[in-house]
Amino acid sequence: MKVAVFSTKPYDRTFFTAANQSSHHELVFFQPHLSMETVSLAAGFEAVCVFVNDTVSAEVLGALKNLGVRLVALRCAGFNNVDLETARTLGITVVRVPAYSPYAVAEHTVGLMMALNRKLHRAYNRIREGNFALDGLMGFDMHGKTVGIIGTGKIGRVTAGILKGFGCRVLAYDLYPNPDYASELGFSYVSFDDLLKASDIVSLHCPLTPQTRHLIDAAAIAKMKDGVMLINTSRGAIMDARALIQGLKSGKIGHLGLDVYEEEADLFFEDLSCQIIQDDIFMRLLTFPNVLITGHQAFFTQEAVNNIVDVTLANITEFERDQQCQNDVLKSLV
Ligand code: NAD
């Protein structure tokens with residue numbers, strides 16, 4: 001199949017080209033994000049392959065349809081950037097990679113917790129400058145602390161398992177609690193408010209939906225313990241960044257670890273080190289010593305990227321052969 005691959009980086013080309021030896025699709029790599037400005041690049045292609053910050057709005061889908069595109073292949077799990085109703089109406093199939101390595105994201109989540117707790121980001125800089133003082137670097141034992149996991153799907157469960165290994169007490173909240181997971185991993189489901197009230201660390205692992213947009217806002221932060229650690233490796237818009245800044249300024253939030261940010265599409269995955277960044281909220285977040293931000297890299301392990309590429313190519317092959325696919329997002333939501 002002829003596929004226009006948007007938002008590509010050198011590593012995407014390397015992994016896709018190697019895996020495509022056995023799939024034989026015609027892949028053309030484009031650096032820009034898919035948007036109304038770039039959609040004309042898809043002319044002559046039957047499929048587009050997109051990532052987390054591509055825009056697959058109603059308008060873009062309409063333009064894709066007019067160009068003859070029949071398939072949108074997401075090379076990620078989340079599909080919050082796709083207008084699914086419009087895709088359904090236009091008869092465009094949307095496929096995704098539902099799971100590629102929950103370990104990659106869960107391990108990065110715990111990495112953020114540990115780096116913030118033990119101030120590794122600050123220690124790294126101090127030692128390089130010959131400053132061996134420990135003032136300001138005191139952390140806490142993870143053992144015995146209460147961690148609240150919001151969303152106990154694939155990533156939330158692996159995160160809970162790692163934290164149980166540290167000797168943490170794990171509480172969880174999910175729209176669809178699964179008592180089997182809870183007894184197997186040794187965590188307890190509680191209400192959203194009880195989780196916020198009781199947790200020393202709150203970690204987000206639910207998808208971005210209309211219901212979870214700004215789930216962590218000023219009202220939610222007010223219910224948390226003083227000095228709480230907040231971690232978001234899920235989607236930026238689940239947290240209200242303005243409320244985070246207020247929480248950090250007042251000391252209510254003691255540590256903040258982000259791998260995602262609501263307005264990340266204008267920032268992440270690019271080298272902007274020679275530019276003036278215009279996002280004042282993001283830049284304010286960077287000024288706090290107790291904030292650690294990574295640029296949507298939680299998924300970025302060899303194993304995960306290999307799986308993403310293999311499943312994406314298999315999805316395209318399946319669609320080409322059968323005009324349908326087991327990883328069809330619209331069918332999974334019926
Ligand atoms: P999953 O579908 O396996 O699990 C999501 C869980 O969230 C489910 O148990 C679901 O019931 C629950 N949920 C849905 N709505 C909820 C709500 N309103 N309140 C509480 N719980 C709710 O997904 P997953 O594979 O574990 O991934 C979780 C999220 O992680 C994805 O949606 C994606 O946004 C994010 N993610 C980030 C990266 C990264 O690199 N940072 C990589 C992969 C996934």
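Worth a mention:
- Selection status of Leu330, farther than 24 Å from Thr93 by Cα and either touching a Lys or Arg at 6+ places or on another chain (Cβ under 8 Å) or not small (Gly, Ala, Ser) (or both): no
- Listed by first and then second residue, the pairs with beta-carbon distance under 6 Å, at least 6 apart or on different chains, first residue in the range 127-152 and at negative phi, second loosely packed, with under 13 Cβ neighbours inside 10 Å, are His143/Gly167.
- Pairs with Cβ under 6 Å, 6+ apart, first in the range 293-317 and within 18 Å of Lys154 (Cα to Cα), second basic (Lys, Arg) and surrounded by 17 or more Cβ atoms within 10 Å (Cβ to Cβ): Ile308/Arg75
- Candidates Glu129, Glu107, filtered to the one that is surrounded by fewer than 20 Cβ atoms within 10 Å (Cβ to Cβ) and away from the ligand (no atom under 16 Å from the Cβ): Glu129
- The condition (being within 25 Å of the chain's Cα centre (by Cα), within 16 Å of the ligand (Cβ to nearest atom), modelled with pLDDT of 95 or more and more than 27 Å from Phe166 (Cα to Cα)) is satisfied by just one residue among Leu112, Leu84, Leu71: Leu84.
- Within the span defined as the range 76-85, one or more residues are in contact with a Phe, Trp or Tyr (Cβ under 8 Å, 6 or more places away or on another chain) and either closer than 14 Å to Val329 by Cβ or surrounded by fewer than 16 Cβ atoms within 10 Å (Cβ to Cβ) (or both).
- From the list Leu258, Leu272, Leu286, Leu333, the one residue that fits, being among the aliphatic types (A, V, I, L, M), surrounded by fewer than 15 Cβ atoms within 10 Å (Cβ to Cβ) and within 13 Å of the ligand (Cβ to nearest atom), is Leu333.
- Yes/no for Ala237 being over 21 Å from Asp12 (Cβ atoms), in contact (Cβ under 8 Å) with a residue 12 or more places away in the chain and among the aliphatic types (A, V, I, L, M): yes
- Spans of helices (runs of 4 or more DSSP H) in the range 134-230 with at least 1 residues within 11 Å of the ligand (Cβ to nearest atom): 154-166, 179-185, 192-198
- Any chance Arg96 is more than 9 Å from the ligand (Cβ to nearest atom), more than 24 Å from Ser199 (Cβ to Cβ) and in contact with a Phe, Trp or Tyr (Cβ under 6 Å, 6 or more places away or on another chain): yes
- Count of the range 12-30 residues which are exposed (fewer than 13 other Cβ atoms within 10 Å of the Cβ) and at pLDDT 95 or above: 4
The values are calculated or read from the model by the stated rules, or taken from the named source; none is laboratory data. Computed from a prediction, not measured in an experiment: that's the story for all the values here. FYI the Cβ positions are ideal-geometry reconstructions off the backbone, even for glycines, and counts take in every protein chain you see.
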